[in-house]
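Have a look at the structure below before the remarks.
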Amino acid sequence: MILTIPKLFPKLQVRALRARLGAAEWTDGRVTAGHQSAQTKNNSQIPESDPIAREVGEMILGALGQNPLFRSAALPLKVFPPLFNRYAGGQTFGTHVDNSLRTHAETGGRLRTDLSCTLFFSEPEEYDGGELVIEDTYGAKSVKLPAGDMILYPATSLHHVTPVTRGARVSSFFWLQSTIRQDAHRTLLFDLDTAIQQVAASSDPAMAASAVKLTGVYHNLIRQWAEL
Ligand code: NI
């Protein structure tokens, strides 16, 4: 499942956060790339240890924790502290797959990357190129979202970022380990949860009883599939 989480941050806040990122120390993005992806990656990043990266990262994690759509779609177990990148002057990231396992240099925390996230800090009209192109079983999907919106996609996907030929594209990217390992199971649970919310919103008492039963099915499926 590839899903947009709209308006994780309102516009004023996303602008303030981006200004904050502008004050950070930016370095070569190859530091977090694996062997294969280092050969196709050309961008700038803020080091994991940078206090501004940590501060803005904490705000992202806080916003995600309060976002019902994200929680329903991702069923997160562990979220990697957000990283930040910038593409400008023709920079690009060729086709690659993200590393399956990640260890955070600061905390030593480890996780399996089930889902990849990109949160956009630049408005689409500020730059040319910079599309995130994700390949899935239905073909390639090109993603370029308004500032403050985030895309959630399976970390198993091949993906690339097209060259930024004008302006700059600033974003945050990170991974998470889901309680539900398989994308197909996660998608079923998300669809079921979405349908339950609709049924539960009905004023019909029979629908309310159905919502209770379906909620039972939802939780019993999680019991079948959850890994903690
Ligand atoms: Ni990637």
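The values are calculated or read from the model by the stated rules, or taken from the named source; none is laboratory data. Bear in mind the structure is a predicted one, so any value in this text is a computation, not a measurement. Backbone-built Cβ (ideal geometry, glycine too); neighbour counts: all protein chains shown. For accessibility, only protein heavy atoms count, side chains too; no ligands or nucleic acids. Shrake-Rupley method; radii C 1.70, N 1.55, O 1.52, S 1.80 Å.
Quick notes on this structure:
- Listed by chain and number, the lysines placed with their C-alpha closer than 19 angstrom to that of K144 are K7, K11, K41; residues fewer than eight positions away on the same chain are left out.
- Under 14 Å, Cβ to Cβ, from T179 - net charge with Lys/Arg +1 and Asp/Glu -1: +2
- When you count the other C-beta atoms within 10 angstrom of each residue and take the mean per peptide, 142-154, 113-125 line up highest first as 113-125, 142-154.
- Excluding ligands, DNA and RNA, the accessible surface per residue across the chain is 48 Å² with a 1.4 Å probe.
- Carbon and sulfur %, accessible surface of the chain computed with the full protein complex present, 1.4 Å: 57
- Lysines whose Cα lies under 16 Å from that of K141, excluding same-chain neighbours fewer than 8 positions away: none
- Gyration tensor verdict on the stretch 183-225 (Cα atoms; rounded if a/c is under 1.5, prolate if a/b is larger than b/c, oblate otherwise): oblate
- Computed Kirkwood radius, in angstrom, where 1/r is averaged over Cα pairs of the chain: 18.6
- At R0 = 22 Å, FRET efficiency that the Cβ-Cβ distance of V97 and T4 yields, to 0.05: 0.55
- The residues packed around R110, meaning those with a beta-carbon under 9 Å from its beta-carbon, carry a net charge of +3 if Lys and Arg are +1 and Asp and Glu are -1.
- Mean-square fluctuations from a GNM of the chain, with a 10 angstrom spring cutoff on Cα atoms, peak among A209, A168, A140 at A209.
- Net charge contributed by nearby residues that have their C-beta within less than 13 Å of E227 (K/R +1, D/E -1): +4
- Shape class for the stretch 18-98: oblate, because the ratio a/c of the largest to smallest gyration tensor axis (alpha-carbon atoms, square roots of eigenvalues) is 1.5 or more and b/c is at least a/b.
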